[in-house]
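Beneath this line is the structure, given in structure tokens, with notes to follow.
The values are calculated or read from the model by the stated rules, or taken from the named source; none is laboratory data. Everything quoted here is computed from the prediction, not taken from an experiment. Virtual Cβ from ideal backbone geometry, glycine too; neighbours counted across all protein chains shown. These area figures cover heavy atoms from the full protein model, side chains too; ligands, DNA and RNA do not enter into them. Shrake-Rupley method; radii C 1.70, N 1.55, O 1.52, S 1.80 Å.
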Amino acid sequence: FGRILDGVVDYIYTIAAFLGIAIGGRNGSMDPLLWWLFVSLAGGSYALQAGILDYYRNEFLANLKGSGGFVENELSSAKSEREKYTTMKGHCLERLMLQVYIKYSSYQNRLKPTTKALLNSNPADYIKNNSLLIRLWALNGTSTHVFVLVCCAWFGRLDLFLWYILGFGSLYTLFVYVLQRLLGGQN
């Protein structure tokens, strides 16, 4: 429940930040509709980048603990928990949060390896192959985004933050994703 709540709260405050940027910047924009589209695209890109980072961080931590398949285990556990709540009266919030978490985990589960050789690699090999990669993933994490946001806000240029997310953040995520596929030994 804590993991689900943490994720939901993260997305709520991120959506609030992007809404604030959209509302605050629409008046300075020549075309408010174009500005909202720009902010929406950057917000979507940010969500995608955060979801991919979350997947690789959790898989790395699971392998560090000696097991893999974090997302698959979480997905299975959430589905079992949802089934338990469907037989109970009430608990609407719990069912809703579990459903959101299942959708999110299903999205992340698409990032898993597809070949048997990759699926069967052991945790020690995964750690060895991914230690540098997880550091590269973390460079484009929430802390970096918040730092860039604060710097851009300091100079009154939130549009630069959006360009950073759409341009650098997207390209960097694609670059590390390709490296992950080439060097990671496992997704």
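Between F70, F161, F175, the Gaussian network model of the chain with springs among Cα atoms under 10 angstrom shows the greatest mean-square fluctuation at F175. Length available on full extension from L37 to A138: 0.36 nm per residue minus the Cα-Cα distance, which gives 33.6 nm.
Scanning the chain for trypsin sites (Lys or Arg not before Pro) in DSSP loops with at most 13 neighbouring Cβ atoms within 10 Å leaves 1-64 as the longest stretch between them. Using the alpha-carbon positions of segment 20-92, Rg (one decimal) and Dmax (whole number) come out as 19.8, 54 Å. Estimated from helices alone, the mean residue ellipticity of the chain at 222 nm is -26000 deg cm²/dmol (sum of -39500 (n - 2.57) over DSSP H runs with n ≥ 4, per residue). Got a number for carbon plus sulfur as a percent of segment 8-69's accessible area, 1.4 Å probe? Whole-percent figure for carbon plus sulfur exposure: 72.
Could you give the angle, 0 to 90 degrees to the nearest 10, between helix 2-26's Cα long axis and the longest principal axis of the Cα atoms of the chain? Computed tilt is about 20 degrees. Over the chain, accessible surface divided per residue gives 59 Å², non-protein components excluded, 1.4 Å probe. Take every Cα pair under 8 Å whose residues are at least 6 apart in sequence, average their separation, divide by the length of the chain, and the relative contact order is 28 percent.
Using a probe radius of 1.4 angstrom, the carbon and sulfur fraction of the accessible surface of segment 140-187 is 78%. Mind checking the angle between helix 123-138 and the chain's longest principal axis? C-alpha axes, 0 to 90 degrees, to the nearest 10. For 123-138 against the chain, the angle is about 10 degrees.
Local charge for L34 was computed over the other residues whose Cβ lies under 13 Å away, with Lys and Arg +1 and Asp and Glu -1, and equals -1.
Using a Gaussian network model of the chain in which every pair of alpha carbons under 10 angstrom is joined by a spring, one finds that among E59, E81, E72 the greatest mean-square fluctuation is at E81.
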